[in-house]
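These notes are about the structure you will find just below.
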Amino acid sequence: MKIFIDSADIDEIKQAYEWGIADGVTTNPSLLKKAVTKHKKKNKNLNLKNYINQILKIAKGSPVSLEVTETSKTGMLKQAKNIHKLFKSHKNVYIKIPINPAFKESDTTHFDGITVIKQLTKLKIKTNCTLIFTPEQALLAAKAGASFVSPFAGRIDDFIRVSNKLKVDKTAHYPVWGMQKKDKTLHDNGIVSGIDLVEQCVTILKHYNFKTQVLAASLRNTRQVRESAMVGSDIATLPFTVIKEMLKHQKTYEGMKNFTKDIVPEYVKLTK
Ligand code: E4P
């Protein structure tokens with residue numbers, strides 16, 4: 001499973017690539033806002049084009065997702081082409097397009113994301129279809145030619161809890177098999193957990209040999225990373241905080257202390 005860093009903060013991205021664990025980057029408007037706010041404190045004349053160019057350079061050809069902020073069909077298409085043109089030389093930009101840019105049921109724009117993905121695919125512009133909350137959304141995005149589909153695991157877990165008036169602790173583990181209330185498994189349209197959503201997307205896309213890769217997104221803890229890998233997700237995008245947790249275990253620290261105590265000097269002399 002590839003690991004992407006879910007961040008627009010150049011310091012975090014740089015560190016993850018220096019550690020050698022990052023295979024790509026995902027950003028969204030909220031992550032970009034957070035990063036720009038932080039970096040503007042250091043440099044109020046922050047040049048966003050240079051900033052993004054630096055991120056693309058750090059990523060060394062690995063995929064970097066940049067999201068459109070327009071919501072109309074023509075607006076998204078124009079902006080996607082502009083983003084592609086601006087950073088074309090790096091060859092690693094993936095345009096993030098929402099699966100459905102409508103704000104409410106009565107809007108008439110539900111299929112605009114799909115149409116835009118289809119047009120960008122024809123132009124050979126790579127896309128990451130975002131805000132996936134059902135396997136059927138993933139199927140339509142894959143049929144339109146999206147390179148990645150991003151099921152939002154953590155947000156589904158939150159949604160199931162909120163809809164059932166349960167306390168939401170975002171970083172706490174949400175069972176893959178779902179949560180029970182009055183002997184019933186809670187679900188959203190048959191999806192019992194965020195990882196269940198990821199698994200259903202993986203199953204469907206593998207079944208029909210789509211080239212589209214499943215990118216497990218909105219992951220909040222290391223167990224969700226493990227579970228994404230167990231259900232065969234192609235990619236997991238992780239916040240920096242989750243990446244940092246992945247290597248920690250008290251028995252690893254203890255093992256290191258004990259092995260260090262037992263070092264035979266002759267061995268060190270021989271091998272140093
Ligand atoms: C990544 O592509 C998504 O934008 C991101 O994982 C969303 O995560 P969140 O639900 O924690 O905001």
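The values are calculated or read from the model by the stated rules, or taken from the named source; none is laboratory data. It should be emphasised that the depicted structure is a prediction, and the values quoted were computed from it without experimental measurement. Heads up, the Cβs are rebuilt from the backbone with ideal geometry, glycines too, and the neighbour counts pull from every protein chain shown.
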Quiz item: Which numbered condition trips up L46, out of (1) over 30 Å from T109 (Cα atoms); (2) away from the ligand (no atom under 16 Å from the Cβ); (3) at pLDDT 95 or above?
Solution: (3)
Exercise. Might you let me know whether segment 107-115 holds any residue that is under 15 Å from C129 (Cβ atoms), within 16 Å of the ligand (Cβ to nearest atom) and not aromatic (F, W, Y)?
Key: yes
Self-check item: Subset of segment 60-85 (residues that are surrounded by fewer than 15 Cβ atoms within 10 Å (Cβ to Cβ) and hydrophobic (A, V, I, L, M, F, W, C))
Solution: none
Exercise. Could you tell me whether K181 is at pLDDT below 95 and either more than 16 Å from V231 (Cα to Cα) or more than 14 Å from the ligand (Cβ to nearest atom) (or both)?
Key: yes
Quiz item: Do any residues in segment 79-100 that are more than 16 Å from G145 (Cα to Cα) have Cβ atoms under 9 Å from those of residues that are surrounded by 18 or more Cβ atoms within 10 Å (Cβ to Cβ) and of a type in the set (G, A, S), where the two are at least six apart or on different chains, and which pairs are they?
Solution: H90/A59; N92/G24; N92/A59
Practice problem: Name, by its number, the condition in (1) under 20 Å from P101 (Cα atoms); (2) away from the ligand (no atom under 16 Å from the Cβ); (3) in contact with a helix residue (DSSP H, G or I) (Cβ under 8 Å, 6 or more places away or on another chain) that does not hold for E136. | Solution: (3)
Quiz prompt | Matching residues, segment 146-173, being in contact (Cβ under 8 Å) with a residue 60 or more places away in the chain, buried (at least 21 other Cβ atoms within 10 Å of the Cβ) and either away from the ligand (no atom under 11 Å from the Cβ) or basic (K, R) (or both) | solution = A146, S147
Quiz item: Condition test on T130, is it touching a residue at least 12 places away in the same chain (Cβ under 8 Å) and buried (at least 23 other Cβ atoms within 10 Å of the Cβ)?
Solution: yes
Practice problem: Hey, can you tell me all the residues within segment 188-198 that are within 13 Å of A153 (Cα to Cα) and not in a helix (DSSP H, G or I)? | Solution: D188, I191, V192, S193
Quiz item: Mind checking whether some residue in segment 43-53 is under 19 Å from the mean Cα position of the chain (by Cα) and in contact (Cβ under 8 Å) with a residue 12 or more places away in the chain?
Solution: yes
Practice problem: Search segment 24-42 for residues being more than 14 Å from the ligand (Cβ to nearest atom) and touching a residue at least 12 places away in the same chain (Cβ under 8 Å), and hand back the single one that is nearest to N128 (Cα to Cα). | Solution: V36
Quiz item: Only one residue in V242, V198, V202 is within 16 Å of the chain's Cα centre (by Cα) and either farther than 27 Å from L31 by Cα or away from the ligand (no atom under 13 Å from the Cβ) (or both), so which one is that?
Solution: V202
Quiz item: So how many residues does segment 231-257 have that are without any contact (Cβ under 8 Å) to a residue 24 or more places away in the chain, of a type in the set (A, V, I, L, M, F, W, C) and within 22 Å of I156 (Cα to Cα)?
Solution: 1
